[in-house]
Amino acid sequence: MRRDIFQAIADPTRRAIITLIATQAMTPNALAEHFDTTRQAVSKHLRILTECELIESNQQGREIYYQLQIDKMKEIDHWLEQFRKIWEARFDELDKVLFNLKNKKI
């Protein structure tokens with residue numbers, strides 16, 4: 001079953017996992033050390049992130065390492081871009097209002 005990316009990042013633990021593996025691949029045991037939960041619970045989160053293709057696993061000997069799929073994160077960024085443009089336009093308008101208020105006081 002392919003899950004939705006936004007469903008995956010809705011969970012704070014999964015977002016924390018993404019943050020942890022953003023710079024280096026980690027094993028499930030190494031990831032589990034960062035949480036007050038069982039390794040099985042971390043494995044469940046890893047499975048969901050893998051199903052969404054946000055992370056991928058690589059077997060190295062007896063260990064499995066999980067790493068972030070940066071290209072898949074671009075899908076989230078693309079969706080957020082529409083809102084970023086709205087926010088930036090509103091901040092530009094706020095800057096203009098504040099500038100005008102400041103100049104009127106002088």
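The values are calculated or read from the model by the stated rules, or taken from the named source; none is laboratory data. Everything numeric here is computed off the predicted structure, so don't read it as measured data. Quick reminder, even Gly has a Cβ in these numbers, built from the backbone with ideal geometry, and neighbours come from all protein chains shown. Please note that ligands, DNA and RNA were not included when accessible areas were found on the heavy atoms of the full protein model with its side chains. Shrake-Rupley method; radii C 1.70, N 1.55, O 1.52, S 1.80 Å.
Per residue, the range 49-106 exposes 86 Å² of solvent-accessible protein surface, assessed with a 1.4 angstrom probe and all protein chains in place.
Calculate how large, on average over all directions, the projected area of the Cα convex hull of the chain is; give the answer in nm² to one decimal. The partial results should precede the final answer.
Values: hull surface 39.1 nm².
Seen from a random direction, the Cα hull of the chain projects 9.8 nm² on average.
Once the Kirkwood radius over Cα pairs is known for the range 48-89, the Stokes-Einstein relation at 4 °C and 1.567 mPa s delivers a diffusion coefficient of 107 µm²/s. Among the chymotrypsin sites (Phe, Trp or Tyr not before Pro) in the range 1-70, those placed in a DSSP loop whose Cβ has at most 15 other Cβ atoms within 10 Å are F35. Here's how it looks for Q69: its modeled amide H is under 5 Å from those of I55, E56, which are all 5 or more places away or on a different chain.
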